[in-house]
1. Assign unit charges at the C-beta atoms only (+1 for Lys and Arg, -1 for Asp and Glu), then state the dipole size of the chain relative to its Cα centre in Debye, rounded to the nearest 20.
2. For V120 and I257, compute 0.36 nm times the residue count separating them, minus their Cα-Cα distance, and round to one decimal in nm.
3. How big is segment 187-332 in terms of Cα radius of gyration and Dmax, in angstroms?
4. Rank the residues S199, S33 as a footprinting-exposure proxy: fewest other Cβ atoms within 10 Å of their Cβ go first.
5. Projecting each Cα onto the charge dipole of segment 11-171 (Lys/Arg +1, Asp/Glu -1 at the beta carbon, about the Cα centre), which of A145, A68, S39 comes out farthest on the positive side?
6. Which value does Rg/Rh take for segment 11-171 over its C-alpha atoms, Rh per Kirkwood?
7. Along Cα→Cβ, 7 Å out, is where each label goes; now give me the distance between the ones at T285 and S133 in nm to one decimal.
8. At most 10 other Cβ atoms within 10 Å and a DSSP loop assignment: could you name the GluC sites (Glu not before Pro) in segment 1-106 that fit?
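Where a number appears in this text, it was derived from the coordinates with a stated rule and is not lab data. Just so it is clear, the model here is predicted, and its values are computed rather than measured. Cβ placement follows ideal geometry from the backbone for every residue including glycine, while neighbour counts extend to all protein chains displayed.
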Amino acid sequence: MDTIANKVEILSNVHAKNLVDWAKDRPEVVVLSGDLTSSCEIKPFKEAYPDRFFSMGVAEQNMLGFAAGLAREGFRPWLHTFAVFFYRRAYDQLAMSVAYPNLPVTLVGFLPGIMTPGGVTHQAIEDVSVLRSLPNMTIIDVGDATEVETILDAVEKVNGPVYIRMLRKDVPRLFDRKEPFEINKARVLSEGTDIALFSSSICTEEAIRATKALKEKGLSIQHLHISTLKPFTDPAVIEALKKVKYGAITLENHTVIGGLGTCVAEVMAENAIGKPLVKLGLNDTFAHGATQHYLMSHYGLDAIALVKGVEKLTGKSYGISEKDLEEIRLEVISTKDPDAL
């Protein structure tokens, strides 16, 4: 079982420093920017390796085609822009130039889900749904600083296209840095036999808080943090679903159509696991612009929404209020890590 931090560090610009250090002895690694160099934390890479950096401008279709050409010549292109611009603006180029020939091109997509006040034009709320149907595509949804720090080594082993829902700026460390990210392997955060809880991305921190409150009320929870959404064949998911009494609940920073909830539903159907499933996320709606905290509360992606979802699943009331959840908010012990920028 993975270790959860009781006191949470907040690290700044984790991907920026990590990418520079990791690429030092990898001359085949090149970075492409969709005119969002500072916003996507790749300015330090540009400064460190100017001959391996390409600013492609606001031309995502061209960037995908250019990256495909680089990959065919033996380079490992890492593309950086906001997540929405990879699959909404350039889907045909992504499908035909990158996915169809199964080229090792990595898409680092920032601002997944409702993490931006930019509104619908910048919120990637259906990206997992769209890209799960694209053959050869691996999809990763990081959840904390440890996963951001260790994802590069894991992705390097994939001989094909990878899409990462990346976190930027201030990122919490929820998991022990000695337990690195592994593709298609869930993190078991707690053991239990009443319900199976699956969370991803920024929702896992909320799920940890809710789980602590629910356990104090006597509920036994099998909590899995999911980072790999395709492939989705980890046996731990099936084991969790089979062992619990009431059923399963999912919490994701994405629409409930085609994302984590759908992945779990498909596994349940394929393995004849006849138990209820509650899916929490955006309910077939676009979100509007506001702070992340407000949007998570408004659209039901936070800890109290999870508590209500569990009550629906079990048919019981646990008497947990938002005030109760505030009192067990994870403690921040540092605003900067000595190794961060």
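1. 400
2. Roughly 47.6 nm would be gained on extension.
3. Expressed in Å, the Cα Rg and Dmax of segment 187-332 come to 14.3, 42.
4. Listing S199, S33 from fewest to most nearby Cβ atoms yields S33, S199.
5. It is A68, whose Cα lies furthest towards the positive end.
6. Numbers: Rg = 14.1 Å, Rh = 15.4 Å.
Using Cα coordinates only, the ratio equals 0.92.
7. 2.4
8. On the way: sites: E9, E28, E41, E47, E60, E73; in loops: E28, E41, E73.
Sparse-neighbourhood loop GluC sites (Glu not before Pro): E73.
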